[in-house]
Structure formats: structure tokens, C-alpha cells
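To keep things clear, I will list the structure first and then write my remarks on it.
The values are calculated or read from the model by the stated rules, or taken from the named source; none is laboratory data. For clarity, every value in this text was computed on a predicted model and none was experimentally measured. Cβ coordinates were reconstructed from backbone atoms using ideal geometry, including for glycine residues, and neighbour counts include every protein chain displayed. Quick note on the areas: whole protein, heavy atoms, side chains included, nothing else; ligands and nucleic acids left out. Shrake-Rupley method; radii C 1.70, N 1.55, O 1.52, S 1.80 Å.
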Amino acid sequence: MVDVAIIFGGISTEHDISLKSADNVIAQLPRDRFRPVLIGITRDGTWLHYTGDVEDIVSGAWEGHDVKPVALLPGRGESARGGFIELAEEGARQLKVDVALPVLHGQGGEDGTVQGALEACGVPYVGCGVLASAVCMDKDAAHRLAAAAGVRSPLCEVLYRGASDEECQAAVERCGGFPVFVKPARGGSSIGVSKASDEASYRTALEAAFALDEKVAIEEAIQGIEVGCAVVGDAVRGTKMGAVDEIVIQGDGFFRIHLEKDPGANTELRCPADLPDDVLARVRAAGRTVYEALGCSGFARVDLFVTPEGEVVFNEVNSTPGMTYYSRFPQMMRVAGHELDEVLAELIDAELEGVA
């Protein structure tokens with residue numbers, strides 16, 4: 001039996017989304033081969049070993065019972081073995097963990113910080129490595145690398161907290177003028193993201209984004225359809241993809257799936273996307289190119305746009321895509337014939353083979 005540390009929660013604004021993702025991952029993990037070891041991270045960054053009912057994870061009630069503090073001990077190999085250490089009144093003990101599966105979204109979990117800690121402690125883990133995780137999280141860096149690999153990216157300018165009025169205005173002008181999207185440069189989902197169509201909405205958008213990140217990305221507003229590629233694997237062992245999906249926005253808005261009480265409140269997800277075969281082929285090629293250019297491994301979701309002229313434009317990469325029951329990544333893989341339990345097993349097996 002393989003012991004898999006499912007790491008969930010975290011300090012980012014996407015804490016609640018992580019709980020939902022973890023709940024679905026735990027439910028889909030093949031129990032005939034894998035035993036989950038539940039590691040929850042509270043909003044203030046406390047790591048806890050949770051042994052209670054899985055049903056209490058989504059509600060957040062897990063923090064109040066059946067938990068003991070846990071820490072990561074640096075060390076690699078048998079002579080200086082590190083890993084997860086449970087801290088209790090009766091003493092410390094090492095938790096048996098063969099591989100970790102971080103199900104963390106946003107800063108402090110999806111940005112390379114947890115991945116670096118796991119590497120320092122000799123714990124194999126599923127998903128993108130330190131560099132890829134950090135690059136995917138930073139929209140400015142991701143755009144630069146994607147463009148260098150030959151995939152068109154939106155015009156993007158960076159502002160830092162405290163930027164002058166002149167710098168803010170110049171950023172809009174260099175992105176082609178209004179409308180623009182204003183985003184926390186190192187945030188996930190659509191939290192803190194706003195579309196600004198004039199000076200007043202731009203100021204409001206900047207305030208919202210700077211409240212979440214000292215670095216903000218101002219992006220050209222691409223007119224077109226948003227599509228996504230679910231990718232599994234790496235450049236060495238090869239990659240496979242799920243079906244391309246398409247987001248249809250209801251009304252004059254943008255994709256906000258995790259901000260709605262009803263996940264489909266303002267969107268329709270079509271999978272597979274209703275696009276010509278030649279366009280789908282270009283989308284898949286661009287998705288694979290971006291995935292490899294950013295050094296992704298394990299799994300990720302590459303989001304792109306298709307303009308009315310059929311041009312494919314890069315948007316962003318989610319290095320730990322949502323895994324909730326309504327999330328795009330599991331649906332794209334399912335439509336391609338790969339259920340989530342199968343995908344999880346393949347990801348864990350691939351990581352363990354790399355360690356052996």
C-alpha cells in the first residue's frame with residue numbers, strides 16, 4: 001500500500017477552493033492501492049495531520065478536532081532522512097509518506113514554496129517542480145517565456161504597489177488602451193481580477209489587485225473564446241492531453257467559476273470545444289509548447305484564447321488546476337477517456353518510478 005500525503009488548505013485566498021479539490025481527490029484516489037495521509041494547512045500557515053472524517057474538510061470543521069501539529073524535517077536519504085514529523089504531547093514521530101500530492105492553489109502552495117520544502121525534506125511529490133510552479137504563478141514571467149517559445153501572448157505591463165499615476169496610465173497605453181485586465185501578478189483563479197473599461201474602473205481594479213499582491217499585471221484584453229488544455233506528463237516521458245474545452249460567458253463578464261455560489265452561474269463549459277479541427281490542432285500544439293517551455297511536469301492546465309480570426313493566444317497556466325467535481329481539468333480528461341482515479345494513479349506511479 002502506497003501512503004500518499006494529500007496536502008490541502010493553505011494561506012492563499014483560494015483556501016476554500018483547495019478544500020473542495022482535496023475532497024474530490026480523496027474520493028477518487030484508488031483505495032486498493034493508495035492510502036491517504038491528510039495534511040491540512042490552516043489560513044495562518046499551521047500544518048496539521050488530520051485523522052477525522054473527510055466530510056468535514058470542505059466545511060473547514062476539520063481544524064477543530066482530530067488534528068496534531070506536523071512539521072517537515074529537512075534531510076535526504078537514509079543517513080539523514082527527512083519528511084513529515086507529527087508533534088504530540090507523547091513525543092514526535094515520523095509519518096509514513098511515500099509520495100506527496102499537493103492540492104494547493106495560489107500563493108504559498110502553488111508557487112514553488114511548498115515544492116521546495118518537499119524537495120529539501122526528500123519527499124517525492126506529484127506535479128510541477130519549483131521553477132515551473134514559480135514561473136506559472138507569475139503571469140508576467142509566464143507570458144515572456146511563452147512568447148519566447150513562439151506562442152503569442154497578450155501585451156502585458158507590470159506595476160508595483162506605490163506606482164505613480166503616470167506609470168499606471170503608461171501601462172494602459174502600452175497595452176493598447178482600454179479595455180484592459182488588471183490582475184494580481186501572482187494570484188490564481190479569478191480572485192482579484194477585474195476588467196477595466198475606463199479610468200474610474202481602472203483605479204478600482206488597481207486597488208483590488210494591489211490588496212492581494214504588490215506586483216500587478218496589466219494585460220491587453222483579447223477578444224475571443226477562452227479555451228483550455230489539460231496536460232499530463234513531461235518533456236522526457238512524453239505528454240498526453242485531455243479534450244480541449246471552451247468557456248461560454250453569459251452576459252458581459254469573464255470566467256468566475258470559483259467566485260459563484262452556483263459554479264456555473266455566469267458560464268457554460270463546453271467540452272469538447274465546438275471549434276474547427278484545424279483550430280483545435282493549433283490550440284493543442286500551443287498548449288503543449290507552453291507546457292514544455294515553462295518546464296511543467298506531472299499535470300497542469302494551459303489556458304488560451306482563440307480570436308475571431310482563428311489566432312491562438314496564451315493566457316495563463318494553472319500548475320495545480322482545480323480538482324473539484326465541477327473543475328475543468330477532470331472534465332477535460334474524462335471526455336478524452338481518462339477518469340480522475342486513473343489519472344491520479346498514473347501521476348503517483350510516474351513519480352514513484354522516478355524515485356526508484
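Among the residues of the stretch 211-225, is any surrounded by fewer than 19 Cβ atoms within 10 Å (Cβ to Cβ), among the polar types (S, T, N, Q) and over 28 Å from PHE329 (Cβ atoms)?
The answer is no, given that none of the residues of the stretch 211-225 is surrounded by fewer than 19 Cβ atoms within 10 Å (Cβ to Cβ), among the polar types (S, T, N, Q) and over 28 Å from PHE329 (Cβ atoms).
On the given criteria, is GLU342 without any contact (Cβ under 8 Å) to a residue 12 or more places away in the chain, more than 28 Å from LEU101 (Cα to Cα) and surrounded by fewer than 17 Cβ atoms within 10 Å (Cβ to Cβ)?
When the stated conditions are applied, GLU342 does not pass them.
Quick one: count up the residues across the stretch 47-64 that are open to solvent by less than 60 Å² (accessible area, probe 1.4 Å) and either in contact with a strand residue (DSSP E or B) (Cβ under 7 Å, 6 or more places away or on another chain) or part of a loop (DSSP other than H, G, I, E, B) (or both).
Adding up the residues that qualify gives 8.
Among the residues that make up the stretch 21-37, is at least one of them assigned to a helix (DSSP H, G or I), touching a Gly at 6+ places or on another chain (Cβ under 6 Å) and not basic (Lys, Arg)?
yes
VAL335 passes all but one of (1) open to solvent by 40 Å² or more (accessible area, probe 1.4 Å); (2) within 28 Å of ASP3 (Cβ to Cβ); which number fails?
(2)
Quick one: would you say VAL99 is of a type outside the set (S, T, N, Q), touching a Pro at 6+ places or on another chain (Cβ under 7 Å) and at pLDDT 95 or above?
yes
Considering each residue of the stretch 76-108, count those that are open to solvent by 70 Å² or more (accessible area, probe 1.4 Å) and either in contact with a Phe, Trp or Tyr (Cβ under 8 Å, 6 or more places away or on another chain) or not polar (S, T, N, Q) (or both), and give that number.
10
Within the set of pairs 6+ apart or on separate chains, which have a first residue in the stretch 30-47 that is more than 12 Å from PRO69 (Cβ to Cβ), a second that is in a strand (DSSP E or B) and among the polar types (S, T, N, Q), and C-beta atoms under 7 Å apart?
Filtered contacts from the stretch 30-47: no entries.
Which is at pLDDT 95 or above, closer than 23 Å to TYR326 by Cβ and out of contact with any His (no Cβ under 9 Å at 6 or more places or on another chain), of ALA281, ALA286, ALA273?
ALA273
Being within 12 Å of CYS229 (Cα to Cα) and out of contact with any Ser or Thr (no Cβ under 8 Å at 6 or more places or on another chain) is the requirement here; does PHE314 meet it?
Criteria not met by PHE314.
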